[in-house]
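What follows is a set of notes on a single structure, which appears directly below.
The values are calculated or read from the model by the stated rules, or taken from the named source; none is laboratory data. The structure presented is a predicted model; accordingly, all values stated were derived computationally and were not measured. Glycine also receives a Cβ, built like all others from the backbone with ideal geometry; neighbour counts cover every protein chain displayed. Ligands, DNA and RNA are excluded from the accessible area calculation, which covers all protein heavy atoms including side chains. Shrake-Rupley method; radii C 1.70, N 1.55, O 1.52, S 1.80 Å.
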Amino acid sequence: MTVHVQTARMRPRDETGRGVCDCRETGAIWPPFNRNQEVTTVALSFAQKEAIVAEVAEVAKSAYSAVGADYRGLTVEQMTDLRVEARKAGVYVRVVKNTLAKRAFQDTDFACMEEGLKGPLILAFSQEDPGSAARVAEAFAKTHDQFKVRLLSIGGQLLDPSELGTLAKMPTYDEAISQLMAVMKAPVQKLAAT
């Protein structure tokens, strides 16, 4: 892993407290800097990128549905809360670079999402039932306005994000079995009652 560290030098400040460019011709305003603020960028190696693509591809091949949402404006605490709720619901959640996600989606049911992979997205994959990722995303979006669902896919089809509620209402495996048993049991009960 390559880490580049730069130290930003303190810019002169004007009366508003904002840093001023050293260039006397333009007088451009710089954002305020902390003294000796470190800017860290982490570059992924080729092997790390391959591992991420392989992991996401493996999850995508076994997933029932996927949700892609814009997470700009969320704090780290809020993202952690989302991950905790997703883990409880059996949903795999990951922020992946869009180019790596496109490679991971090749030869999966989610290849239809490739064109919509633009901007910062968090991807959620339903591992246990088709509606679990949609339920987690819908519940989180109700309490966080910055969280906006932009991509929704199930069974190789790209759905409109407005259909998130419909997908979220799909029954879990246990609920589907109980509904099927109720339908099968109703005629027998009706026959026995008469």
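Every Cα-Cα pair of the stretch 59-125 was included, and the share exceeding 17 Å stands at 39 percent. When peptides 62-68, 169-175, 135-141, 183-189 are sorted by average Cβ neighbour count within 10 Å, with the highest value leading, the order is 62-68, 135-141, 169-175, 183-189. Exceedance of the 29 Å cut-off in Cα-Cα distance is limited, within the set Lys49/Lys169; Lys118/Lys169; Lys49/Lys88; Lys61/Lys97, to Lys49/Lys169.
Among the protein heavy atoms of the stretch 79-194, carbon and sulfur supply 56% of the accessible surface, probe 1.4 Å, non-protein parts ignored. Express in whole angstrom the spacing between the alpha-carbon centres of the stretch 139-194 and the stretch 72-117. Distance between centres, Cα-based: 21 Å. Normalised by 2.2 N^0.38 Å, with N the number of residues, the alpha-carbon radius of gyration of the stretch 85-194 equals 1.35.
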